[in-house]
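Take a look at the structure below.
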Amino acid sequence: MVALPSLDTLNAFVVFAEKLNFTHAAESLNISQPALFAKIQDLSNQLNVPLYRKIGRRLELTQKGIQLSRFGREVVGRAHEFFGELTAGEKRESVVLASGEGAYLYLLAEPLRLFSRNSSIRLQLLTLNREGILDAIQSGKAQLGVASLESTPPGFKSHLLYKADQVLVMPKKHELAGKRKLKLKDLQGQRLVVPPTDRPHRQMLSMLLQSSGVDWEVAVEASGWELMLKFVQLEFGLAVVNSSCSIPAGLIARKLSELPQVHYHLFYLKGEAASGPTRVLRDELLAHFS
């Protein structure tokens, strides 16, 4: 029988798994870097499985390490809740949701406000990009995620929450504002406010414009719908955003029918939302968007 790791060791591994840097994790735990390294090595030897590997100059968890990180977060979290209940005499369950800035601003603000007001469950929120959300759920840092998905990743279960059209936003005085329907060819020669090159929205837009033979210029690279729309207000260029966005005063949005809809999903690991506070939040969000 494998000897069970101590709660202190599990907590040390959880912190290491979040930082993936021995120096930073040791600082958070207020112990020395060699002491933390020894703890993780002893844990790996105790379980007889590799928990992380070195890829170039960075560290990444193995699949066993990811599983242990999820388990450790759950155990350490439940321990904090139990001892808090034991000493304070009250129990307050919690759930962690991860999503992006745009989803929080334009889709989730109202249902999350109602949930926090009406539920005794403590709600924690993480703001991450899509890859970060998936990683957070796999590692146990979050239980639920909301993001745009083209397909459900292996091992996850998802529910469609909202379908958003993609629209071109411009000043009301712009030459294209008079058209009720726009096509990609209308963007010929236009200056666009776009996300950085590594973002899925930028890659999709660039590919479709190129396949349509449309020449365009980058006016500004900006992360997040709010900042993109601000640059449009400042007349740096036009922007393609989701129809869920609130359009600022002085601007107008026109649907680009050739662009695919963006499907926002609620998702989690299979079997993880079967009961408890995770199920409560899941059901509340599904009911709101139904």
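The values are calculated or read from the model by the stated rules, or taken from the named source; none is laboratory data. Quantities reported herein were computed from a predicted structural model and do not represent experimental measurements. Counting neighbours? That spans all protein chains shown, and the Cβs are built from the backbone with ideal geometry, glycine included.
Quick look at the values:
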| item | result |
| --- | --- |
| Residues that are under 26 Å from the mean Cα position of the chain (by Cα) and aromatic (Phe, Trp, Tyr), drawn from the stretch 6-46 | Phe13, Phe16, Phe22 |
| Selection status of Ser206, assigned to a loop (DSSP other than H, G, I, E, B), of a type outside the set (A, V, I, L, M, F, W, C) and not assigned by TED's automatic domain parsing to the domain that holds Val280 | no |
| Residue under evaluation Ser244, criteria (1) under 23 Å from Tyr104 (Cα atoms); (2) out of contact with any Leu (no Cβ under 7 Å at 6 or more places or on another chain); (3) polar (S, T, N, Q); (4) in contact (Cβ under 8 Å) with a residue 12 or more places away in the chain, criterion not met | (2) |
| Any hit, the stretch 129-137, residues being hydrophobic (A, V, I, L, M, F, W, C), part of a helix (DSSP H, G or I) and under 30 Å from Pro248 (Cβ atoms) | yes |
| Of the criteria (1) modelled with pLDDT of 90 or more; (2) closer than 24 Å to Gly72 by Cβ; (3) surrounded by 20 or more Cβ atoms within 10 Å (Cβ to Cβ), which one Ser139 fails | (1) |
| Single condition His201 does not satisfy, out of (1) modelled with pLDDT of 95 or more; (2) touching a Pro at 6+ places or on another chain (Cβ under 8 Å) | (1) |
| The one condition in (1) in contact (Cβ under 8 Å) with a residue 40 or more places away in the chain; (2) touching a Lys or Arg at 6+ places or on another chain (Cβ under 7 Å) that Glu150 fails to fulfil | (2) |
| Within the stretch 182-203, tally of residues that are of a type in the set (Val, Ile, Thr) and either surrounded by 11 or more Cβ atoms within 10 Å (Cβ to Cβ) or assigned to a strand (DSSP E or B) (or both) | 2 |
| Check on Pro153, more than 13 Å from the chain's Cα centre (by Cα), under 14 Å from Tyr264 (Cβ atoms) and at pLDDT 90 or above | no |
| Among residues of the stretch 166-181, those that are surrounded by fewer than 18 Cβ atoms within 10 Å (Cβ to Cβ) and part of a strand (DSSP E or B), counted | 1 |
| Answer from Pro200, Pro196, Pro154 - the residue that is touching an Asp or Glu at 6+ places or on another chain (Cβ under 6 Å) and within 28 Å of Glu131 (Cβ to Cβ) | Pro196 |
| Residue in the stretch 271-280 that is touching a helix residue (DSSP H, G or I) at 6+ places or on another chain (Cβ under 7 Å) and either closer than 16 Å to Ala164 by Cα or not in a loop (DSSP other than H, G, I, E, B) (or both) present | no |
